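J.: First, the structure itself, so that you have it in front of you.
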Amino acid sequence: MNYLRKSPSVLIVIFFIIAFILFSLFPIRLDFSKGGAYTLSPATKKIIQKNNKNIDINLYVSTDIPTRIIPLRTDVVELLQEYRRGGKSIKVNIIDPKKDTKMLEKVKQLGIPELQFSQLEQNKYQTSSFYFGIALSQNEKSEVIPQINDYQNLEYNITSAIYRLTRTEMPKVAVVGEPLRGYGQQDPLFSLKKVLSQQYTVASHDLSTIKDGDETKFVKEYSTILLLDNGTLQYPVEQIKFLKKFYESGKHVLVFAGGTKIDEQTLGVVQADHNINELTASYGAQINYDLILSTSAEYVNFGNETSQFLASYPFWIRSNIFDSKSGFFSNLQFVTFPWTSSLSLKKNNSTSIVPIIMSSNRSWEQRDTFLLTPNTIPQPTQKDLKQFVLGALIENKKGGKLVVIPSSRFPYEQYMSRGGGNLDFVLNVIDAVSSNGALSGIRSRIVSFYPLPDMSDTQKDVYKYSAILLFPLLWGVYGIIRIVKRK
């Protein structure tokens, strides 16, 4: 004992050995990242803890997987182990299908492909094949993720598969007013439909085909309507009445429609020719005939085939000013509004209405006269700068929710910015209203980036010069104190 007291380094070594043994037997995972990027989200934990059905998660991965993909395999295995630890009814198996002929045949039947990988080794291109997919099963039901190439959304894909395996029916979502511009990946709603179809039955509908006798059946079958402005559609009075009936029955409607119509070739602007305000304004959300600009803006490519340049475009607004009480914004960094109008909100006795997305307080508007070309946009004066409502939630007494976003391009593929949360926002809303929020907040398994808030030039100068002068100033004070002590 005396020897140990005289040698604290020995005590430290013994302490670390004991700690290593304890943590090996009882592993603890601590996640200090903001938003918990390295642990299962609360929604996933809730689903797997409530589940009482035995679910097998089989990771089919080759032992001779390419070296570059080994870190991804490690991340996937750690994620699956989190599922195993979180749910008593979940079993995780890691299988190399190449080692068993019968297993190889099973993998092919599941639709998990053999992937090809080429890499340069010793000045030669080496081509190898491997398997890297996941299959989930519950009794005779199964769900397959054929190829793991999107780790960021893997938790959502796995959890939604578990949710589907343990649920008896899938809610239905109707898309109304969809522009017909292409199929497959040419579809402007391709990403949205792809992810929605994992969890819901998604169908495009023309309201004119719904006859009087079919209205009750439609209201009963569908939980949510995604209402779009395709730029050319006026909804007849009967269809507006049907949309109101649908909403007032306790169902949900998401509206994406601006107050203007923009020709993207000429950047000409006219008033929108839809009549969706007959629906939204009757419940207190008026879509204004204006366009909002902001200093918090997206960068847009204004080049052509021969030259390209990026510039901050005030008409494409970025916002992270969300309603803190709403669950619609889980794991969102920001959303982007390409050419958005504003909303005017008016309270009434039959519904509750709250703004859920706001622009920054350094935003302004163009009304009546519109100048969209970057070099012609007039600079605002200080009195022009204010905050605008860019999204609203209206809830009726039966629980029906009407979400109004005054930008017709908000959910479309080509306008979604890198890192933006438009798609996640739409999915969060539909999850919250159609599945009681079971999957809300399960999106990107990455460390979130939180941009600095908007600041005035004076505030920026204060921070800048404080950072430059603070450290030398502290050393100067320290030196003065030392000199005084010597005297």
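J.: Among the residues of the stretch 252-263, which ones are farther than 30 Å from Q366 by Cα and modelled with pLDDT under 95? Before the answer, list the steps.
T.: Taking the stretch 252-263 as the starting set, the residues that turn out to be farther than 30 Å from Q366 by Cα are 252.
Passing the criteria: none in range.
J.: Has the stretch 57-73 got at least one residue that is assigned to a helix (DSSP H, G or I), closer than 17 Å to Y163 by Cβ and in contact (Cβ under 8 Å) with a residue 12 or more places away in the chain?
T.: no
J.: Suppose we keep only residues that are at pLDDT 90 or above and β-branched (V, I, T) within the stretch 91-127. Which one would you say is nearest to L165 (Cα to Cα)?
T.: Among those residues, the one meeting the criterion is V92.
One line per residue, one yes/no per condition, for (1) under 20 Å from T168 (Cα atoms); (2) crowded, with 18+ Cβ neighbours inside 10 Å; (3) at pLDDT below 85:
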{"site": "S33", "(1), (2), (3)": "no, no, yes"}
{"site": "S41", "(1), (2), (3)": "no, yes, yes"}
{"site": "S62", "(1), (2), (3)": "no, yes, no"}
{"site": "R68", "(1), (2), (3)": "no, no, yes"}
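J.: Of the residues in the stretch 226-255, how many are among the charged types (D, E, K, R) and within 25 Å of P188 (Cα to Cα)? It would help to see each step written out before you state the result.
T.: Narrowing the stretch 226-255 to residues among the charged types (D, E, K, R): 229, 238, 241, 244-245, 248, 251.
Remaining after also requiring within 25 Å of P188 (Cα to Cα): 229.
Total satisfying the criteria: 1.
Results for (1) under 24 Å from N396 (Cβ atoms); (2) at pLDDT 95 or above, shown as yes or no for each residue.
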site	(1), (2)
V270	no, no
N275	yes, no
F302	no, no
L310	no, no
T340	no, yes
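J.: Here's something else I'd like to know. Looking only at the stretch 128-166, filter to residues that are within 22 Å of the chain's Cα centre (by Cα) and acidic (D, E); which one of those is modelled with the highest pLDDT?
T.: Here the answer is E155.
J.: For the stretch 317-337, give me the residue count where each residue is closer than 16 Å to F410 by Cβ and without any contact (Cβ under 8 Å) to a residue 24 or more places away in the chain.
T.: Within the stretch 317-337, residues that are closer than 16 Å to F410 by Cβ and without any contact (Cβ under 8 Å) to a residue 24 or more places away in the chain number 0.
J.: Tally time: how many residues in the stretch 403-420 are among the small types (G, A, S) and either out of contact with any Lys or Arg (no Cβ under 9 Å at 6 or more places or on another chain) or at pLDDT 85 or above (or both)? Even if it seems obvious, please write down each step before you answer.
T.: Here is the first cut: in the stretch 403-420, the ones among the small types (G, A, S) are 407-408, 417, 419-420.
Pick out the ones that are also either out of contact with any Lys or Arg (no Cβ under 9 Å at 6 or more places or on another chain) or at pLDDT 85 or above (or both) and you get 407-408, 419.
Qualifying residue count for the region: 3.
J.: Write out, first by first residue and then by second, each pair whose Cβ atoms fall under 8 Å of each other, whose residues are 6+ apart or on separate chains, and whose first residue, in the stretch 376-395, is farther than 20 Å from S319 by Cα and in the same structural domain as A285 (by TED's automatic domain parsing) while the second is outside any helix (DSSP H, G or I) and among the polar types (S, T, N, Q).
T.: Going by the 8 Å Cβ cut-off, the qualifying pairs are I394/T351; I394/S352; E395/T351; E395/S352.
J.: Could you grab me the full set of residues in the stretch 372-384 that are assigned to a loop (DSSP other than H, G, I, E, B) and more than 14 Å from I292 (Cβ to Cβ)?
T.: So the first thing to find is which residues in the stretch 372-384 are assigned to a loop (DSSP other than H, G, I, E, B), and the list is 372-373, 377-381.
Result: T373, P378, Q379, T381.
J.: Given the criterion assigned by TED's automatic domain parsing to the domain that holds S62, closer than 17 Å to Q138 by Cβ and surrounded by 14 or more Cβ atoms within 10 Å (Cβ to Cβ), identify the matching residue among L80, L115. First the steps, then the outcome.
T.: Working: L115 fails: closer than 17 Å to Q138 by Cβ.
Testing whether each residue is assigned by TED's automatic domain parsing to the domain that holds S62, closer than 17 Å to Q138 by Cβ and surrounded by 14 or more Cβ atoms within 10 Å (Cβ to Cβ) leaves just L80.
J.: Within the stretch 144-158, identify whether any single residue is among the hydroxyl-bearing types (S, T, Y) and not assigned by TED's automatic domain parsing to the domain that holds S330, and answer yes or no. Please lay out each step first, then the result.
T.: Here is the first cut: in the stretch 144-158, the ones among the hydroxyl-bearing types (S, T, Y) are 151, 156.
Of the ones still in play, those that are also not assigned by TED's automatic domain parsing to the domain that holds S330 are 151, 156.
Checked against the condition, which is being among the hydroxyl-bearing types (S, T, Y) and not assigned by TED's automatic domain parsing to the domain that holds S330, the stretch 144-158 yields at least one hit.
J.: Residues in the stretch 308-326: is at least one surrounded by 20 or more Cβ atoms within 10 Å (Cβ to Cβ) and of a type in the set (K, R)?
T.: yes
J.: So, one more: Criterion first (within 26 Å of W339 (Cβ to Cβ), in the same structural domain as N428 (by TED's automatic domain parsing) and part of a loop (DSSP other than H, G, I, E, B)) does Q234 satisfy it? Steps first, please.
T.: Details: within 26 Å of W339 (Cβ to Cβ): yes; in the same structural domain as N428 (by TED's automatic domain parsing): yes; part of a loop (DSSP other than H, G, I, E, B): yes.
Spelling it out, Q234 is indeed within 26 Å of W339 (Cβ to Cβ), in the same structural domain as N428 (by TED's automatic domain parsing) and part of a loop (DSSP other than H, G, I, E, B).
The values are calculated or read from the model by the stated rules, or taken from the named source; none is laboratory data. Only a predicted model underlies this, so the values are computations on that prediction, with no experimental measurement involved. Every residue, glycine among them, receives a Cβ derived from its backbone with ideal geometry; neighbour counts consider all protein chains shown.
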